[in-house]
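The values are calculated or read from the model by the stated rules, or taken from the named source; none is laboratory data. Just so you know, these numbers come straight off a predicted model, no measurement behind them. Backbone-built Cβ (ideal geometry, glycine too); neighbour counts: all protein chains shown. Note: areas computed on protein heavy atoms with side chains; ligands, DNA, RNA excluded. Shrake-Rupley method; radii C 1.70, N 1.55, O 1.52, S 1.80 Å.
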Amino acid sequence: MVMKNPEYIIKLENVTAGYLITPPGIRSLIKTRYIVLKNINLSVNKSERIAIVGSSGSGKTTLLKVILGLLKPFSGRVFIYEYDIYRLPWRERVKILKKIGYVPQDPFKSLNPMLRVKDILREPLEAHVIRGYKESKIESKVKSIVKLVGLPEKVLEMYPEELSGGMRQRVLIARALVSEPEVLILDEPTSALDVSVQAQIINLINDIYEQFKPAILLVTHDLSIAQYIADRIIVIENKEIVEEGLIDNVLSNPQSHFMKMAVSSYKDNKNKLKLEF
């Protein structure tokens with residue numbers, strides 16, 4: 001498949017998404033739609049840094065599932081490089097989605113405890129081995145990506161349980177980067193870490209951006225982290241996008257009720273890195 005070259009990498013048009021559930025007292029064969037996102041329109045352009053913010057349960061995780069090809073929306077279209085991914089055969093969809101690097105939320109649950117770090121980082125590259133890449137090239141790539149995220153080479157022989165939370169998060173970031181993605185999706189990348197380690201991970205993300213200029217889609221409920229990483233902010237509340245714009249503009253002059261409350265809390269607790277809504 002030939003990759004097209006539009007200005008955007010990801011684009012959602014009028015997306016409504018959610019889950020099929022069985023209401024209490026009704027036979028299991030009968031399902032009803034539970035709407036989590038409604039009429040979502042957004043785009044992620046090349047080298048753009050966007051923060052998606054909202055309270056717990058606002059639909060942020062569901063949005064990621066839709067973008068990552070894991071949850072087909074009830075209606076609307078999801079484009080990556082102008083390809084409507086849910087109208088593609090699964091094999092073609094996977095080829096496109098490989099250009100997206102994903103860092104999940106919990107570094108303590110997201111790594112296979114049975115694999116050494118070197119094998120965790122090799123997994124995204126196995127397709128390259130099948131297509132004739134030399135083993136030495138794969139090994140060199142794995143070593144270079146570990147160095148890039150600030151880990152010593154000896155980590156490659158270790159298992160996840162031997163690593164600290166910050167080291168595990170760096171491994172997750174390395175795994176997301178090893179296939180050289182054009183967009184990096186970060187799901188609450190510091191929420192499970194101590195404050196001192198959070199700052200290190202934020203600096204690492206910014207360093208990666210300065211070096212490779214991938215588009216970044218950051219999901220968070222922490223306005224301070226959003227401000228450190230993103231240029232633009234999209235606010236989701238009650239299933240819909242309620243506000244969006246340049247992050248400094250939105251923080252200085254919030255329009256939605258949710259953002260007014262969030263910014264007020266942010267200013268009142270400016271000495272705290274993490275905010276709870």
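Does at least one position in the range 133-141 carry a residue that is closer than 20 Å to Val197 by Cβ and buried (at least 16 other Cβ atoms within 10 Å of the Cβ)?
For the range 133-141, residues closer than 20 Å to Val197 by Cβ and buried (at least 16 other Cβ atoms within 10 Å of the Cβ): absent.
Give the residues of the range 170-207 that are open to solvent by less than 50 Å² (accessible area, probe 1.4 Å) and of a type in the set (Lys, Arg), sorted by residue number.
Within the range 170-207, Arg170 is the sole residue that qualifies.
Could you please give the count of residues in the range 39-57 that are open to solvent by 80 Å² or more (accessible area, probe 1.4 Å) and either at pLDDT 95 or above or over 25 Å from the mean Cα position of the chain (by Cα) (or both)?
So the answer is 1.
Among helices (runs of 4 or more DSSP H) lying entirely in the range 208-277, which contain 1 or more residues that are in contact with a Pro (Cβ under 7 Å, 6 or more places away or on another chain) and either modelled with pLDDT of 95 or more or surrounded by fewer than 19 Cβ atoms within 10 Å (Cβ to Cβ) (or both)?
Here the list reads 257-268.
Cβ-Cβ under 7 Å, sequence separation 6+ or interchain: first residue in the range 94-121 and in contact (Cβ under 8 Å) with a residue 12 or more places away in the chain, partner in a loop (DSSP other than H, G, I, E, B) and open to solvent by 60 Å² or more (accessible area, probe 1.4 Å). Which pairs?
Close Cβ pairs satisfying both conditions: Lys95/Met1; Lys99/Glu182; Pro113/Tyr159; Arg116/Tyr159; Ile120/Asn112.
Being of a type in the set (Val, Ile, Thr) and either at pLDDT below 95 or open to solvent by 40 Å² or more (accessible area, probe 1.4 Å) (or both) is the filter here, so list the residues in the range 10-38 that pass it.
Ile21, Thr22, Ile26, Ile30, Thr32, Ile35
I'm trying to understand the selection: among the residues of the range 78-96, which are among the β-branched types (Val, Ile, Thr) and touching a helix residue (DSSP H, G or I) at 6+ places or on another chain (Cβ under 9 Å)?
The answer is Val78, Ile80, Ile85, Ile96.
What's the number of the condition Met114 fails, among (1) out of contact with any Phe, Trp or Tyr (no Cβ under 6 Å at 6 or more places or on another chain); (2) open to solvent by less than 80 Å² (accessible area, probe 1.4 Å)?
Here Met114 clears every test but (2).
Counting only residues that are of a type outside the set (Ser, Thr, Tyr) and closer than 21 Å to Ile50 by Cβ, how many does the range 185-198 have?
6
Just give me the residues in the range 70-100 being under 17 Å from the mean Cα position of the chain (by Cα) and open to solvent by 60 Å² or more (accessible area, probe 1.4 Å), in sequence order.
Leu70, Lys98
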